Structure formats: C-alpha cells, structure tokens
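Everything on this sheet refers to the single structure shown next.
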Amino acid sequence: MDRLKRVGWGRVATVTVVAVCVGYAPIAMTELWPYARPGAPAFGEWLLGKAVSPRYVADALATRIGPYGRSLVPLILHSVLGGALMLLGPVQLSSAVRRRVRLHRAVGVVYALTVYASMAGAAVYLARTAPRDAFDGESFWLVLATILVGTTLSVTFGVLAALGRLPDLHQRWMLLCYGYLMTAPLLRLEWGALPWILPDGLPMEDVNRVAIMHLGSVVVFGALLASRAMDRRDALPQQGGTWAAWPVLAVAHVAGAAALVWIGRSFLDFGAEGRRLLVAFLLPYAATYSVMAVRQRVAGRRGRPWAREEWRLHLTALCLAPVFSVAATLCFERYMHLDGLTALSAGVGIGCGVLAFAATTAVSLRVLYAREVARRQAMGGGSEASAAAPDLAHI
C-alpha cells in the first residue's frame, strides 16, 4: 500500500511538472514580442490580465520598456531558449528517453548547450542593467544573478559527472539545474495566484518580493525529492560513517535557530510588509524542514543508510541557510549600500538555493569518497582505506 501511494504521488508530481513546463513554454517564447513589435500577442500578459486585472499587468510592465529595450536581443534569446528548455527537460527525464542511451546523450548535449546560450543572454541583460533598474529593484537583480550562476554551475557539474561516468551524480546536478529553471514558471504562477491571497491593490513588485522569499527553497526541495525518488539504493559500497553526525546537526540547528530569530526580528521592524515577507519565508521553510527531518529518521529506521545520509546532509544545509542569509544581508548593506529591507529580502531570497547547491556538492563528495574507498579495497589497499575512513566519517 505504501509503495502504491508513493507511485501515485510520484506520478501526480510528474504530470503536474510536465503540464506546468509545457504550458509555460509558449508564454516564455512570446513574452518579449510586444517590446520588439508593439501590439504583438503575448499569451502570458493576456492570461495574467484575466487572472488578476489588466491594470495590474500594465502598471508593472510599463517600467520595463527602457531596461528591456537596452538588452532586447539577449533577452529574446534568453526567453525563447528558456521556453525550449521547458520542453527539453521533461523529454530528457522521461524513462523512454533515458533507456535509449544514444538518444539521451544527444538530447543532453542539446539541453546543455541551450542552457549555456540562454544563461548567456540573461548575463548580458544583467550586466547592462543597473540593479536598481531591474524589476522589483536590487533584491530581484541579486536573486536573478544567483539563479544564473547556480544554473550554469549545475549543468556544468552535470556534464562533468556524465563524462566521468557518474550517472548518479549527473542525475542530481541536472535535476538541481532544472529546479533552478523552474523558478521562472512558478514565479508567473505566483504573480497570478498571490493577489487572491494578499491584500487588494498590491502592485506586482510587492507580489514579486513575496514570491522570491520561498521560490528558492521550493524548487531545490523539489529537485531533492526527485533525486531521492530516482535513487533506490539502500547503501553505498563502503559508505562508512556519516558526514552529518548528531554533533554537526546540533551545531547547525543552534546556529540556524539564532539566525532565524535575527531574520524574524529584522523583518518585524518593517511593519506590515515585513510581516508579510516573514510569513512567506517561514511557512515553506518549516514545511521543508519537517519533511527532511522525518524522512531522515524514517530512512534510518528502515535500514537505508544512504537515503538517511543524503537527507541529513540536506537538512544540515537547510539549517545553515538562514546563517548564510544573515551574512549575505550584512554584506549587501555594507558593500552595496542597500537599505535594510532590500538587503534582507535579497539575503533571504538566495539563502536556501545557495545552501542546496552546497548540499549537493557535499553529497557528490560523499559519493566520490565512498567509491574511492571501495576502489582502494578492490586493489588491495583495504587496510589503508579503513584507517582513513574514521577520520572522514565525522566531518
């Protein structure tokens, strides 16, 4: 029964993601047509106007004519190729394609090249646009820049893992890359859904600020869930001890709790808007934490040490995400001279995404270390590897 439930939820999640991606692809590809040719159809604007109001959309996009006009060609390249990636991702992840190795590799090459070209267009736009001129200002510019770097590095590590014949690591990095890309369609969905929840009359800039409080944690958590669903191993060969022992988890929890208190008190200093942003961050964060904490414990009880290890590494990173956010906020205030709320929004907006990248890196190193131990034992160096294992087991 439990297995049937897991399969059922997995299929529902897969169908939902595919539907969102396929539905968003034409929206992404036509999003910038009106800036190149006034009056050209833009399906996304039309749908958003129907979901909220035409004035809500018009007021937000009226300020984009100048910044977009200075980088229109790179932005069109970015959006059109971004729409193509929304279609290539589900194709590449489908079991039918993955079973055909040559086809999977060919589509993978196209996918990676498309990511690089699309991110290059985004990089040109960000380089030509002052942070204050970005939609929603400096906080959103910083979030976009972080997503760009994370997406590019993730696909690069995914390619390197494939070349190194490490399919499990390749799979994790490509899922994380696609998770970062999913921020685009999910943000558009929140532009249409949040005005029904938030107070009437909020402009899209304010709605956008609420959305970026949790989109990073949502997409990377989705990538983790997909990775765990596709990895059925109970243990790694020569896995050894854990890299996230209870003392490590305890320190991460204490540091994370202190950082969360700092973030909460800082947001509350900004009145109703601060409270709104704090709730938008805390609710998804708490849900993500609860799932990770429960899953690592369940995996331990079921005798699945590798699943438990991966959950614990990501749980540790999640606890440390607020610490990173506090440090980033202070840096943005000091070195970019941002006001308190803008710096705080940017720091919180990128925290979970950056630490998920760090957690995936730790998981990759964990896999590589276990394989190296197994390789040395196979070559007759078992005693040396066993002696080294305790030193690294509690990192």
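The table for this structure:
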{"quantity": "Output for region 145-169, where each listed residue is surrounded by fewer than 22 Cβ atoms within 10 Å (Cβ to Cβ), at pLDDT 95 or above, more than 11 Å from the chain's Cα centre (by Cα) and not hydrophobic (A, V, I, L, M, F, W, C)", "calculated": "T152, T156"}
{"quantity": "Count of region 224-272 residues which are out of contact with any helix residue (DSSP H, G or I) (no Cβ under 7 Å at 6 or more places or on another chain) and of a type outside the set (G, A, S)", "calculated": "9"}
{"quantity": "From V17, V57, residue being assigned to a helix (DSSP H, G or I), surrounded by 17 or more Cβ atoms within 10 Å (Cβ to Cβ) and under 22 Å from the mean Cα position of the chain (by Cα)", "calculated": "V17"}
{"quantity": "Residues being farther than 18 Å from W141 by Cβ and modelled with pLDDT of 85 or more - total across region 51-71", "calculated": "9"}
{"quantity": "Residue in region 88-98 that is within 18 Å of C177 (Cα to Cα), without any contact (Cβ under 8 Å) to a residue 60 or more places away in the chain and more than 22 Å from the chain's Cα centre (by Cα) present", "calculated": "yes"}
{"quantity": "Selection count, region 200-215, where residues are closer than 20 Å to S139 by Cβ and surrounded by fewer than 20 Cβ atoms within 10 Å (Cβ to Cβ)", "calculated": "4"}
{"quantity": "Unique match (being part of a helix (DSSP H, G or I), under 25 Å from the mean Cα position of the chain (by Cα) and among the aromatic types (F, W, Y)) among W9, W46", "calculated": "W9"}
{"quantity": "Residues of region 168-202 satisfying the condition of being touching a Lys or Arg at 6+ places or on another chain (Cβ under 9 Å) and among the β-branched types (V, I, T)", "calculated": "none"}
{"quantity": "Residue match in region 265-281 (condition: within 23 Å of A235 (Cα to Cα), within 19 Å of the chain's Cα centre (by Cα), touching a residue at least 12 places away in the same chain (Cβ under 8 Å) and assigned to a helix (DSSP H, G or I))", "calculated": "no"}
{"quantity": "Conditions (1) closer than 30 Å to A134 by Cβ; (2) touching a residue at least 60 places away in the same chain (Cβ under 8 Å); (3) among the aromatic types (F, W, Y); number of the one not met by Y335", "calculated": "(2)"}
{"quantity": "Residue identified as in contact (Cβ under 8 Å) with a residue 12 or more places away in the chain and either surrounded by fewer than 16 Cβ atoms within 10 Å (Cβ to Cβ) or closer than 30 Å to E45 by Cβ (or both) among V251, V218", "calculated": "V218"}
{"quantity": "Selection from region 235-248 of residues that are at pLDDT below 90 and either among the aliphatic types (A, V, I, L, M) or surrounded by fewer than 17 Cβ atoms within 10 Å (Cβ to Cβ) (or both)", "calculated": "A235, L236, P237, G241"}
{"quantity": "From the options L48, L32, residue that is buried (at least 16 other Cβ atoms within 10 Å of the Cβ) and at pLDDT below 90", "calculated": "L32"}
{"quantity": "Residue check, T342 out of contact with any helix residue (DSSP H, G or I) (no Cβ under 6 Å at 6 or more places or on another chain) and among the polar types (S, T, N, Q)", "calculated": "no"}
{"quantity": "Residue that is modelled with pLDDT of 95 or more and either assigned to a helix (DSSP H, G or I) or under 21 Å from V17 (Cα atoms) (or both), where the choices are A123, A106", "calculated": "A123"}
{"quantity": "The listed residue being closer than 19 Å to V254 by Cα, at pLDDT 95 or above and surrounded by fewer than 16 Cβ atoms within 10 Å (Cβ to Cβ), out of A287, A321, A317", "calculated": "A287"}
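The values are calculated or read from the model by the stated rules, or taken from the named source; none is laboratory data. Please read all numbers here as calculations on a predicted model, not as lab measurements. Here the Cβ is made from the backbone with ideal geometry for all residues, glycine too, and neighbour counts use every protein chain on show.
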